[in-house]
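Notes follow once the structure below has been shown.
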Amino acid sequence: MHPSTYIQISKSAFKQNYDFIQSILLPNVKFSSVIKGNAYGHGIEVIVPVLEEIGVNHFSVFNGDEAFRVKQVCGPDTEIMVMGMLTPAQLEWVIEKDIEFYIFDIHRLEQAIELCKELNKKAKVHFEIETGMNRTGLSNDDLNQAVELLKKNADYLELYGLCTHLAGAESIANYYRIKNQLINYKKTLKQLKAMDIEPKYRHVSCSAGTIRFPETQFDMVRVGIMQYGFFPTNEVMINYLTQHKEVDDPLRRGLTWKSQVMSVKEVATGEFIGYGTAYFASKDMKIATIPIGYGYGFARALTNQGKVLIHGEYAQVVGIVNMNIISVDITDIDDVQVGDSVTIIGRDGDKDITVSSFSDISNQVNYELLTRLPNDIPRVVVD
């Protein structure tokens, strides 16, 4: 059955973004695709095969639920790394399935060791260290204890990585904080080397760090937002374009959101449109209703402000955004019929609605808007 609203995922856009990311990586740096938050709203089950086809073989997720979803659709040689939450049952499962996971406190490490002994399996662990983010991460004392446990349980633990998370590499305001984190990280690396501990991967860098602080790339980078076609912030994009004397954005958006016209109606001057008195028709108008609303991630904050594209023309939202319906003004758009295509995010003709323009109106960052797109909107892979 053809859905009334759907999201198109562009394979060629992901290929272009992957090639761009590879072009800014230093030699022999591994690329880990961050697909937490339902692959930033693009859909884990859809995105994993698309990315595998273009050469990705390592995925970073937030929790055990996401790791399970990746495991259902990925190839046998694909690696998965859990950066965040694991329940005790999930921890046992990831050890059984040879899935990598972060250690950011001693309790999880002790749990893992006990499970490894029961399962007679070796766990692939990444020690996440505290360098200045002050969120999760092993303190110096914790790290010493973790190393001691690692050495005592060498038959059950393999140190796959030493990692940390940069605290805002997308903003120049955090420059010194990032530099201090890097100093702290390198200090810990020396510490471990003195103890004859060598992690397989040293990794600290996100999208912003990868492009703004190349020295943070080490052995692996964890790239999220850039692979979907977005610079982390306008500041990062302007900085890149200025440095490279380029004008055009090298990234392509991987997502287009489409729907269709549900009904067309004429409204007389002096009438209100929709619930309450949010919109007053000051002239005779023609409106179209579209079967989307805040239940689909089209924020209520877009009431009387949001826009969609119909026949290559902007149509403004009139009235309150409902759970399943929005009304748009089509007074000046010719011959709009039930079933006509509607673009909510993406291009139609020479006009487009970008995620950033969409999110600016609703006071959301790109990340928030994308991850709020419901999983039950069908994702369709194109080109």
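Below, the figures for the structure above:
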quantity: Length-normalised contact order of the chain in % [C-alpha pairs under 8 Å, at least 6 apart]; calculated: 19 percent
quantity: Entries of Lys190/Lys245; Lys71/Lys200; Lys97/Lys152; Lys117/Lys193; Lys71/Lys190 with Cα pairs more than 32 Å apart; calculated: Lys190/Lys245; Lys71/Lys190
quantity: Accessible-area order (highest first, 1.4 angstrom probe) of the listed residues Phe104, Phe280; calculated: Phe280, Phe104
quantity: Long-range HN-HN contacts of Ser205 with modeled amide H, under 5 Å; calculated: Arg222
quantity: Positive-end residue of Gly254, Val264, Ile99, charge dipole of the chain with Cβ unit charges; calculated: Ile99
quantity: Region 89-158, relative contact order in percent, only Cα pairs under 8 angstrom and at least six apart counted; calculated: 34 percent
quantity: Region 252-350: GluC sites (Glu not before Pro) falling in loop per DSSP and having at most 12 other Cβ within 10 Å; calculated: Glu271
quantity: Net charge of neighbours whose Cβ lies under 12 Å from the Cβ of Lys286, counting Lys and Arg as +1 and Asp and Glu as -1; calculated: -4
quantity: Paramagnetic label zone (point 7 Å from Cα along Cα-to-C-beta, Glu118; backbone N under 19 Å) in region 127-170; calculated: 153, 155-158
quantity: Length gained when the stretch Glu368-Met323 is fully extended (0.36 nm per residue, less Cα-Cα span); calculated: 14.4 nm
quantity: Lys179 paired with Glu96, simple spin-label distance in nm, labels 7 Å along Cα-to-beta-carbon; calculated: 5.0 nm
quantity: Computed magnitude of the charge dipole of region 134-264 (debye, nearest 20; Cβ of K, R +1, Cβ of D, E -1); calculated: 140 debye
quantity: Surface accessible to a 1.4 Å probe, Arg252 within the full protein complex, Å²; calculated: 90 Å²
quantity: At R0 = 56 Å, FRET efficiency that the Cβ-Cβ distance of Lys186 and Lys283 yields, to 0.05; calculated: 0.25
quantity: Near-label residues of region 161-180 by backbone N, under 16 Å of a point 7 Å along Cα→Cβ of Thr136; calculated: 161-167
quantity: Cα centroid of region 6-51 to Cα centroid of region 156-186, whole Å; calculated: 23 Å
quantity: Accessible area of region 1-130 belonging to carbon and sulfur atoms, whole % at 1.4 Å probe; calculated: 51 percent
quantity: Accessible area expressed per residue, the chain, with surrounding protein chains retained (probe 1.4 Å, Å²); calculated: 45 Å²
quantity: Surface share of carbon and sulfur [accessible, 1.4 angstrom probe, percent] for region 193-236; calculated: 47 percent
quantity: Rounded to 5, the percent of DSSP beta bridges in the chain classed as antiparallel; calculated: 45 percent
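The values are calculated or read from the model by the stated rules, or taken from the named source; none is laboratory data. As the structure is a prediction and not an experimental result, all values here were calculated from the model. So basically every Cβ, Gly included, is an ideal-geometry build from the backbone, and we count neighbours across all protein chains shown. Protein only, heavy atoms only, side chains kept; ligands, DNA and RNA dropped before computing areas. Shrake-Rupley method; radii C 1.70, N 1.55, O 1.52, S 1.80 Å.
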